[in-house]
Amino acid sequence: MKNNYKMTMYACFIGYIVQAVVNSFVPLLFVTFQTEYHIPLTQITLLITVNFVIQLVVDLLSAGFVDKIGYRASAIIAHACAGTGIFLLTLLPELFSYPFYGILLAVMVYAIGGGLIEVLISPVLEACPTDNKESAMSLLHSFYCWGCTGVVLLSTLFFALFGTSHWKILALIWVLLPTANLILFTKVPIYSLHEEGESGMMLCAGASEQAVSQWASTFAEKGLHIQKTVGDLVGPMMFSVLMGLSRLIYGKYGEKLSLDRFMKGSCVLCVASYLCISLVPVPIVGLIAFIPVPALGFLGCALCGLSVGIMWPGTFSKASAAIKRGGTVLFAMLALAGDLGCSGGPTLVGFVSSAFSGNLRLGILTAIVFPVLLFAGLCTFSRLVVKNVD
């Protein structure tokens, strides 16, 4: 029986890879959309906003209907929406007089799937009879990072071989992943959790992570003037690799580390990485660092990935420890707050950049507010814990 649940865990791991495709594939095409469909930066920003806002709404509503229709049915619907939305990207732009509306509609469909996956996967894994749930949960969240890495690596390889003009073929290939996992979820055993709880502190974690992640490819191409193939490999991919590495490190050595200190240190590193990215064009920065400007920009993206890795799962751990048996509602509220941040962070970057003639560095600089607020929140949380102990 226990071995059967390994298949459930595998389905959960693949589910987070599907989530990575939902959040990472289209950002690789932002510049392509701008040139092929003549879509301005403000509307590109809207694609990010709509994606995460719809995920946020789904998070909010899911607490009421997931337990009614069941985890299995919800997982099947989630993967169906994710696959259908990605598929519609290949059809709808040409069916509208203004292609942006077609892309937006496709984004709305796969965002429903992304929102459901975010709510469902963690509690499904939590319910599995594993020996070490904390390690399993940390490993689960790392699969989102490896998924992002795979999306960037395979997409970049495809674009290098066949060109970005054939991106629709690649989109159809990515549809196979949610389709296969949908079939897997029809067969694996699933337990559910008793629910009762609430969330907190996820907004800044999500915003800190996605403010750079969603714009990394565009920043490499337009901000650093790097060829797309090199830019995607060294920018978004390194971000994902180091984010996953951070989660793996804590998953392996977490019992020997202080989560509170680890998260506070990550906030400081995140602020430093934002400064590194946003100050790239300042000559004195490159002079002091003795690093070429593009390399310094990529270093900032990589450090940002390393710094934000623990923020999302770390906040999950703190919430789970503070609210016992939180179940579906807890995970839904955590996902809600996280997606609010995932929407707000990139949107702030996009709007500020647009206001300053597409200057992404200034946009990313303003997003530094999120890791600063998270650090302040952690300090406040620590003081409250000490008071309660006293």
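Beyond 12 Å, what share of the Cα-Cα pairs of the range 155-194 is found? Please give it as a whole percent.
Numbers: 519 of 780 pairs.
Considering the range 155-194, 67 percent of its Cα-Cα pairs are separated by more than 12 Å.
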Next on the checklist: Considering only C-alpha atoms, what is the centroid distance from the range 55-133 to the range 152-178, in Å?
Outcome noted: 21 Å
Checklist entry - With labels modelled as points extended 7 Å from the Cα through the Cβ direction, what inter-label distance (nm, one decimal) is found for residue 68 paired with residue 258? => result 4.6 nm
Checklist outcome for this item: Descending packing, highest mean Cβ count within 10 Å first, for 181-188, 86-93, 65-72 is 86-93, 181-188, 65-72
Checklist entry - Expressed in nm to one decimal, what extension gain is obtained for the pair residue 153 and residue 176 from 0.36 nm per residue of sequence separation less their Cα-Cα distance? => result 6.6 nm
Checklist entry - Taking a point 7 angstrom from the Cα of residue 36 along the C-beta vector, which residues in the range 158-194 have backbone N less than 11 Å away? => result 163-172
Item to check | Cα-based Rg / Dmax (Å) for the range 57-152 | outcome: 15.9, 55
Item to check | Sum of side-chain charges, residue 37 neighbourhood, beta-carbon under 14 Å (Lys, Arg +1; Asp, Glu -1) | outcome: -1
Item to check | Theoretical FRET efficiency, 1/(1+(r/R0)^6), r = Cβ-Cβ of residue 91 and residue 383, R0 45 Å, to 0.05 | outcome: 0.25
Next on the checklist: Just the number: Rg to Rh for the range 4-99, Cα atoms, Kirkwood Rh, two decimals.
Outcome noted: 1.04
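Read-outs throughout are calculated quantities, based only on the coordinates presented, and are distinct from any laboratory measurement. Note that the coordinates shown come from a computational prediction; the quantities given were computed from them, not determined experimentally. FYI the Cβ positions are ideal-geometry reconstructions off the backbone, even for glycines, and counts take in every protein chain you see.
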